[in-house]
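The values are calculated or read from the model by the stated rules, or taken from the named source; none is laboratory data. This one's a predicted model, so the numbers in the text were calculated from it and none came from an experiment. Here the Cβ is made from the backbone with ideal geometry for all residues, glycine too, and neighbour counts use every protein chain on show. Note: accessible area is taken over every heavy atom of the protein model, side chains too, but ligands, DNA and RNA are not part of it. Shrake-Rupley method; radii C 1.70, N 1.55, O 1.52, S 1.80 Å.
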Amino acid sequence: MGKLLVLYSSRNGQTTKIIDAMRDELTGYEVETADLHTLPKKNLSKYDKVLIGASVRYGHFHDSLYTFIHTHSEQLEVADSAFFCVCLTARKPEKADPRNNAYVRKFLAKSPWRPRTLGVFAGALKYSEYNWWQTRIIQLIMKMTGGSTDTSRDLEFTDWDKVKDFARQFARQR
């Protein structure tokens, strides 16, 4: 059985939920997870594959993502690796393609690492978990991008079939 390291940056739990859904598809691997916010130090040569997933909040990835990548860039370059982004803009089909996603492009411009595989998934809008200021900021962003500003319910935009397909393909690729 191979070893697969999954590193993640999650703010409201949707990225973690996506990784949990991927676990069942990563057959043939012993999966180890680590939260990037803890700034883990890892020897990536101990793993057959490395998967990094990170969410976007207010247009930015958490700094811990870039800290990890800069610290481990040489190891990441030789690893069989993949990266996926979780963002609300991916609720629109054209933005759900890594080639058309502004956050993936921003990530690639800022990162020295070039993952072999890229993915992007729509996240969730969890108005029930936001404070007053967060709600107003997100409502403004959603209004500007044609999204829901209805705070009476949470919305999940994640395409779970796409998530599982991504995980299966990554697990199979050599």
Report task. Quick one: which helices (runs of 4 or more DSSP H) lie wholly within region 60-174 and hold at least 1 residues that are in contact with a Pro (Cβ under 9 Å, 6 or more places away or on another chain)? Result -> 63-71, 73-78, 102-110
**Report entry** Residue list for region 142-159, filter: out of contact with any Lys or Arg (no Cβ under 7 Å at 6 or more places or on another chain), open to solvent by 60 Å² or more (accessible area, probe 1.4 Å) and in contact (Cβ under 8 Å) with a residue 60 or more places away in the chain
**Finding:** 156, 159
Requested in this report: Return yes when residue 86 is touching a Gly at 6+ places or on another chain (Cβ under 7 Å) and open to solvent by less than 60 Å² (accessible area, probe 1.4 Å) and no when it is not.
Outcome: yes
Report summary line: When region 10-34 is checked residue by residue, the ones that are part of a strand (DSSP E or B) and surrounded by 14 or more Cβ atoms within 10 Å (Cβ to Cβ) are 29, 31, 33, 34
Report task. Output the number of the condition that residue 77 fails; it satisfies all remaining conditions of (1) in contact with a helix residue (DSSP H, G or I) (Cβ under 6 Å, 6 or more places away or on another chain); (2) closer than 24 Å to residue 38 by Cβ. Result -> (1)
Query raised in the report: If only one of 114, 168, 105 is assigned by the TED database to the domain that holds residue 26, under 30 Å from residue 3 (Cβ atoms) and open to solvent by 80 Å² or more (accessible area, probe 1.4 Å), which one is it?
Result: 114
Requested in this report: Specify the residue that is farthest from residue 88 (Cα to Cα); the eligible residues are those in region 1-44 that are out of contact with any strand residue (DSSP E or B) (no Cβ under 9 Å at 6 or more places or on another chain), at pLDDT 95 or above and not aliphatic (A, V, I, L, M).
Outcome: 43
Query raised in the report: Looking at (1) modelled with pLDDT under 95; (2) within 18 Å of residue 93 (Cβ to Cβ), which is the one condition that is false for residue 159?
Result: (1)
Report task. Give the residue that is most open to solvent (accessible area, probe 1.4 Å), with candidates limited to residues of region 45-59 that are modelled with pLDDT of 95 or more and under 14 Å from the mean Cα position of the chain (by Cα). Result -> 56
Report task. Consider residue 126 carefully, then state whether it is at pLDDT below 95, surrounded by 13 or more Cβ atoms within 10 Å (Cβ to Cβ) and of a type outside the set (Gly, Ala, Ser). Result -> yes
Query raised in the report: Taking region 65-74 on its own, how many of its residues are crowded, with 18+ Cβ neighbours inside 10 Å and farther than 14 Å from residue 106 by Cβ?
Result: 2
